[in-house]
């Protein structure tokens, strides 16, 4: 994938939180178990997301995390870049030093086009839009499974 593990886990965690009831607080252990993310790794990611205002963190008994409206209205690209830095490597896909628009390598044109499509894909829709579509997809799968039994 185009993300590091940190970026991938951040997306899975934020989409999980986006699907929850707005009043519900989720423990990091619940998110980790549901999304198959190592608990200690997720705790660091959630701390970073809280620092940037993507999740609210509530300490103590009955505490947990919930998504903020900032995160819901952000794109996946914005969240990942804030958590791990630039996502899309602008370098040549072949690793050649001399590759540029003026002096393109054999894969330059296709890579530029593909890179732009990926960038547009992860920057064009909000986390909430993606989470809603994901929830609908899971519901359709659930309905299909119910009809099979």
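Limited to region 53-63, what total is found for residues that are surrounded by fewer than 20 Cβ atoms within 10 Å (Cβ to Cβ) and either in contact with a helix residue (DSSP H, G or I) (Cβ under 9 Å, 6 or more places away or on another chain) or on the phi > 0 side of the Ramachandran plot (or both)?
Qualifying residue count for the region: 5.
Just need a number here: residues in region 101-129 that are touching a helix residue (DSSP H, G or I) at 6+ places or on another chain (Cβ under 8 Å), assigned to a helix (DSSP H, G or I) and over 19 Å from residue 6 (Cα atoms).
1
Being out of contact with any helix residue (DSSP H, G or I) (no Cβ under 6 Å at 6 or more places or on another chain), more than 23 Å from residue 122 (Cβ to Cβ), in a helix (DSSP H, G or I) and free of Cβ contacts under 8 Å to residues at least 40 places away in the same chain narrows it down to one of 30, 98, so name that one.
Criteria check complete, one pass: 30.
Determine if region 101-114 includes at least one residue that is in contact (Cβ under 8 Å) with a residue 40 or more places away in the chain and either over 28 Å from residue 66 (Cβ atoms) or within 17 Å of the chain's Cα centre (by Cα) (or both).
no
Check 50, 13, 18 and return the single one that is modelled with pLDDT of 90 or more, surrounded by fewer than 17 Cβ atoms within 10 Å (Cβ to Cβ), under 17 Å from the mean Cα position of the chain (by Cα) and on the phi < 0 side of the Ramachandran plot.
Answer to the check: 50.
Can you pull out every residue in region 1-19 that is under 16 Å from residue 70 (Cβ atoms) and either part of a loop (DSSP other than H, G, I, E, B) or in contact with a strand residue (DSSP E or B) (Cβ under 7 Å, 6 or more places away or on another chain) (or both)?
Listed by number, the residues that qualify are 14, 17, 18.
Could you count how many residues in region 39-93 are within 29 Å of residue 114 (Cα to Cα) and not in a helix (DSSP H, G or I)?
The number of residues fulfilling the criteria is 13.
If I filter region 121-135 down to residues being out of contact with any strand residue (DSSP E or B) (no Cβ under 7 Å at 6 or more places or on another chain) and modelled with pLDDT under 90, which single residue comes out as nearest to residue 76 (Cα to Cα)?
Checking each candidate, the answer is 121.
The values are calculated or read from the model by the stated rules, or taken from the named source; none is laboratory data. What you are looking at is a predicted structure, and each value in this text was computed from that prediction instead of being measured. FYI the Cβ positions are ideal-geometry reconstructions off the backbone, even for glycines, and counts take in every protein chain you see.
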